[in-house]
1. Conditions first: (1) in a helix (DSSP H, G or I); (2) open to solvent by less than 40 Å² (accessible area, probe 1.4 Å); (3) touching a Cys at 6+ places or on another chain (Cβ under 9 Å). Leu182 passes all but one, so which condition is the exception?
2. Can you pull out the residues in region 143-157 that are over 16 Å from Cys210 (Cα atoms) and touching a Leu at 6+ places or on another chain (Cβ under 8 Å)?
3. Which one of the conditions (1) under 23 Å from Gly179 (Cβ atoms); (2) open to solvent by less than 50 Å² (accessible area, probe 1.4 Å); (3) modelled with pLDDT of 95 or more does Ala35 fail to meet, given that it meets all the rest?
4. Taking into account only those residues within region 201-228 that are in contact with a Cys (Cβ under 8 Å, 6 or more places away or on another chain) and part of a loop (DSSP other than H, G, I, E, B), which is surrounded by the most Cβ atoms within 10 Å (Cβ to Cβ)?
5. For region 14-28, enumerate the residues that are in a strand (DSSP E or B) and surrounded by fewer than 21 Cβ atoms within 10 Å (Cβ to Cβ).
6. Taking the residues in region 52-76 that are within 15 Å of the chain's Cα centre (by Cα) and without any contact (Cβ under 8 Å) to a residue 40 or more places away in the chain as candidates, determine which candidate is surrounded by the most Cβ atoms within 10 Å (Cβ to Cβ).
7. Return the residue satisfying two criteria in turn: it lies in region 71-117 and is of a type in the set (S, T, N, Q) and more than 14 Å from Met140 (Cα to Cα), and of such residues it is farthest from the ligand (Cβ to nearest atom).
8. Taking only region 181-220 into account, find how many residues are more than 14 Å from the ligand (Cβ to nearest atom) and among the hydrophobic types (A, V, I, L, M, F, W, C).
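The values are calculated or read from the model by the stated rules, or taken from the named source; none is laboratory data. Because the structure is predicted, anything quoted here is derived from the model rather than measured. No Cβ is skipped: glycine too gets one built from the backbone with ideal geometry, and neighbour counts run over all protein chains shown. Quick note on the areas: whole protein, heavy atoms, side chains included, nothing else; ligands and nucleic acids left out. Shrake-Rupley method; radii C 1.70, N 1.55, O 1.52, S 1.80 Å.
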Amino acid sequence: MPDQERQLTVPEFVARKAAGRKIAVLTAYDYPMAALLDAAGVDVILVGDTLSMIIQGHSSTLPVTLDEMIYHAEMVGRAVRRALLVVDMPFPTNHLGPYEAVAAAGRILKETRCQAVKIEGGQDQADVIRTLVTAGIPVMAHVGLRPQSVHQLGGYKMQRDRELLLADAQAAEGAGAFGIVLECIPAELAKEITATVAVPTIGIGAGPHCDGQVLVSYDMLGLTRGSVPKFVKQYANLGAEIDRAVRSYCQDVRAVGE
Ligand code: KIV
């Protein structure tokens with residue numbers, strides 16, 4: 001059961017690591033799903049740019065725009081009562097220089113009820129992270145598999161470059177990031193990074209040793225159209241349940257007057 005009736009703050013999120021309290025993160029893109037996740041006790045709700053694939057039906061996270069992210073984050077923000085609310089900076093809003101990044105992240109904070117933004121990148125984004133944090137905008141970094149760089153990485157693959165990933169995580173922390181998503185990296189490397197940085201690590205396809213875990217809610221609930229990453233545990237099959245309910249409704253409608 002949720003143990004608080006107000007939103008988790010960024011400092012409280014950070015303090016979870018020292019307290020040894022694991023952090024549960026899920027994505028949401030609209031009001032009803034956000035209300036359900038929030039009421040069920042998830043610690044952090046991420047309006048991820050997976051919106052592009054999960055909701056908009058694109059084949060990557062690249063197409064979603066800043067206006068679209070804000071539109072969905074507004075809906076999610078109206079529902080959230082207790083989770084920390086984080087919104088992804090969509091491609092390429094954090095690559096146009098620190099000041100453009102402040103303008104984009106500033107819009108996200110002003111126009112939605114979110115408390116922080118997430119940025120894909122480590123060493124390459126240190127200047128941007130530092131500038132945002134100086135402007136009072138908390139930043140969660142995202143290293144390892146960075147889906148916005150899918151073309152450069154050559155696909156959605158496990159990332160194994162230990163030196164690079166350690167340096168990315170340390171650079172993000174050094175620049176002021178309050179948390180770091182580790183996507184698709186070996187479990188032992190995620191464990192090493194988690195022990196190296198003082199801020200919480202949130203894993204996805206990165207093994208059990210992170211300070212928390214994140215999943216795309218539609219993936220773990222069985223609502224995603226198409227394939228789901230192998231590491232995703234299926235907690236429900238709501239797609240099949242909806243199919244059953246809609247078939248039953250159609251039968252009822254068509255049976256009247258038969
Ligand atoms: O966009 C997203 O949903 C994400 C999570 C998968 C971490 O970045």
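1. With respect to (1) in a helix (DSSP H, G or I); (2) open to solvent by less than 40 Å² (accessible area, probe 1.4 Å); (3) touching a Cys at 6+ places or on another chain (Cβ under 9 Å), Leu182 is out only on (1).
2. Listed by number, the residues that qualify are Arg146, Gln148, Val150, Leu153, Tyr156, Lys157.
3. Going through the list (1) under 23 Å from Gly179 (Cβ atoms); (2) open to solvent by less than 50 Å² (accessible area, probe 1.4 Å); (3) modelled with pLDDT of 95 or more, Ala35 breaks only (1).
4. If we take residues in region 201-228 being in contact with a Cys (Cβ under 8 Å, 6 or more places away or on another chain) and part of a loop (DSSP other than H, G, I, E, B), then Ala206 is surrounded by the most Cβ atoms within 10 Å (Cβ to Cβ).
5. Ala24
6. Among them, the one singled out is Met69.
7. Initially, region 71-117 is screened for residues of a type in the set (S, T, N, Q), giving 93-94, 112, 115.
Filter once more, keeping what is more than 14 Å from Met140 (Cα to Cα): 93, 112.
Working: Thr93: 14, Thr112: 16 Å.
Here the answer is Thr112.
8. Adding up the residues that qualify gives 7.
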